[in-house]
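Asks: Here's a structure for you.
What follows is calculated from the coordinates using simple rules that are stated; it is not laboratory data. Because the structure is a prediction, the values reported are computed rather than measured. Positions of Cβ are backbone-derived with ideal geometry, glycine not excepted, and every protein chain shown enters the neighbour counts.
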Amino acid sequence: MSLVYAGVLSHAPGITGRAGLVKNVEKRDEFYAALDRQRQEIEASGAQALMVMAAEHFANFFMNNMPAFCIGIGEKYSGPIEDPAWLKIDKAEVPGAPDLSRRLAQDILQTVDVAYAEEWKFDHGIMVPLHFLTPKFDLPVIPVNINCQGPPLTPLHRAWAFGEAVRRAADAVPEKIAVVGTGGISHWPATPDSGKINEAWDRDFLDRLTRFDKDALLSYSDEETYRDAGQGGFEIRTYIAAAAAAGGPCDVQFFTSELPIFAVSCTVARFEISPRNQ
Amino acid sequence: MSLYYLQKFLYELNRDEDTQAAFRKDPGDVLDKYELTPEERRALEEGDIGLLYVLGVNGQILMHYAAFLGIEWFDYLEKMRAGVSMHGPVRAGIYAMTGGGDSFTPEGTTKDKGK
């Protein structure tokens, strides 16, 4: 198999941008250490490319032409679009994997109508994960977007189908590929409710993820998610797609709701990559 | 209601340095290209974060505009709360069900803005 790593992590801009405002410094540093272990695990997997399944925030896709799914096939990308002083990540050029991503896109298209893009400006939703997982920006990246922001949103069961398609495509190429899904669980980012976290909802979601309970993961309605988990909760699509790609349960390596200045509970998890059974 | 174009302007401003330079130089000239209500246009010209939030601008777009204007994080949150207090609940968009919000960050409950 060529999917060598699958995991999830949080990506909120405060994780880097507001690091200096954190009061619970010990917990923050535990989180950073968990992210660094994730980097080490990806490096140890021998991954030749990192696919980031993200929920981008109107950096490339707007309601004039919003794809349910998009995959980057460019030679290079740039980011962040945000003011580097605000995000505390310098502007950088990030290498793509054009040949590999085109082959993946062609295979994914057999079952899911994924859009593709040769240009992509990364926002914090990808730059924060890369800042921790490939801090020198020297690992080729394949960006993926799932529409978690502009309703009508990508249905959860389609996010699952997309993850399965990614897995099938990854297994058909010789390169070793790591996949991470990145999003919040419950959160109300960039609103007056920023910092609100529904910890019980988050733990219940992670329990479903841990058990690889497909039916339970796909049972949320958008109305329920908005009510209980805020509009940031829509980003569970990225975790669901990563779970489907892995095909197995996950180990939650880090979780805390004690860093509300980051406007999200902070999560790091790794999936067991199960043999394909289709 | 032209929330779509209001957000589209901010989307293009947020991601394009040429638009940012043009807007700093002559905001009116840039805004002429968008179908905006007088209230929306005024909110943009005045950098009125609170009103823009009430008009329904998605926070993932508004947050970047606030950073562009040099507004500190806790001031940004307070401006949205003040907007709801002054103009009433969010009128459109994804936050139409969201209220004025409380402070959930202990770091933000002090007057120390962490500067």
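Asks: Between residue A:252 and residue A:63, 0.36 nm times their residue separation minus their Cα-Cα distance comes to what?
Replies: 64.6 nm
Asks: Now, a different point. Projecting each Cα onto the charge dipole of the stretch B:3-100 (Lys/Arg +1, Asp/Glu -1 at the beta carbon, about the Cα centre), which of B:44, B:6, B:80 comes out farthest on the positive side?
Replies: The one lying farthest along the dipole's positive direction is B:80.
Asks: If Lys and Arg each add +1 and Asp and Glu each add -1, what is the summed charge of the other residues whose beta carbon sits under 15 Å from the beta carbon of residue A:117?
Replies: Values: positive: A:76, A:102, A:121, B:15; negative: A:56, A:75, A:113, A:118, A:119, A:123.
It works out to a net charge of -2.
Asks: To make sure I understand the rule: partners must be lysines, Cα under 19 Å from the Cα of residue B:79, and not fewer than 8 residues away in the same chain. Which ones qualify?
Replies: A:196, B:111, B:113, B:115
Asks: Can I ask one more? Checking the a/c ratio against 1.5 first, then a/b against b/c, what shape does the Cα gyration tensor give for the stretch A:1-50?
Replies: Prolate is the answer for the stretch A:1-50, as a/c is 1.5 or above and a/b outweighs b/c.
Asks: Place a +1 charge on the Cβ of each Lys and Arg in the stretch B:3-100 and a -1 charge on the Cβ of each Asp and Glu, then give the dipole magnitude about the Cα centre in debye, rounded to the nearest 20.
Replies: 320 debye
Asks: Considering only A:268, A:219, A:256, whose Cα is most displaced toward the positive end of the charge dipole of chain A, charges sitting on Cβ of Lys, Arg (+1) and Asp, Glu (-1)?
Replies: Going by the charge dipole, the pick is A:268.
Asks: Need one word for the protein assembly as shown: rounded, prolate or oblate. Basis is the Cα gyration tensor (sqrt eigenvalues a ≥ b ≥ c); a/c below 1.5 gives rounded, then a/b vs b/c decides.
Replies: Prolate.
Asks: Does chain B come out rounded, prolate or oblate, given a ≥ b ≥ c as the square roots of the eigenvalues of its C-alpha gyration tensor, rounded meaning a/c under 1.5 and, failing that, prolate meaning a/b above b/c?
Replies: Since a/c reaches 1.5 but b/c is at least a/b, the shape of chain B is classed as oblate.
Asks: Separate question: Which aspartates and glutamates, if any, have their Cα less than 12 Å from the Cα of residue A:176, not counting same-chain residues under 8 positions apart?
Replies: A:43
Asks: Assuming 0.36 nm per residue, please report the length gained on full extension of the stretch residue A:200 to residue A:33 beyond their Cα-Cα distance. Intermediate results must be reported in sequence, preceding the final value.
Replies: Details: separation 167, 0.36 × 167 = 60.12 nm, distance 2.41 nm.
That works out to 57.7 nm of additional length.
Asks: Let me check I've understood the local charge: for residue A:244, count other residues with C-beta under 9 angstrom from its C-beta, Lys and Arg +1, Asp and Glu -1. What total comes out?
Replies: Here the count lands on +1.
Asks: A further question follows. Hey, rough spin-label estimate for residue A:111 and residue A:272, points 7 angstrom out along Cα→Cβ, what's it come to in nanometres?
Replies: For residue A:111 paired with residue A:272, the spin-label model returns 2.1 nm.
Asks: Here is a further query. Take the Cβ-Cβ distance between residue A:118 and residue A:25 as r, set R0 to 56 Å, and report the resulting FRET efficiency rounded to the nearest 0.05.
Replies: 0.85
Asks: Now for a different question. With charges only on Cβ, +1 for K and R and -1 for D and E, what is the dipole size of the protein assembly as shown about its Cα centre, in debye, rounded to 20? Please list the in-between numbers first.
Replies: On the way: 39 positive and 56 negative charges, 79 e Å.
My answer is approximately 380 debye.
Asks: Write down the percent of antiparallel bridges among all DSSP beta bridges whose residues are both part of chain A, to the nearest 5.
Replies: 45 percent
Asks: Can I ask one more? With r as the distance between the Cβ atoms of residue A:44 and residue A:102 and R0 = 30 Å, compute the FRET efficiency 1/(1 + (r/R0)^6) and round to 0.05.
Replies: Approximately 0.65, to the nearest 0.05.
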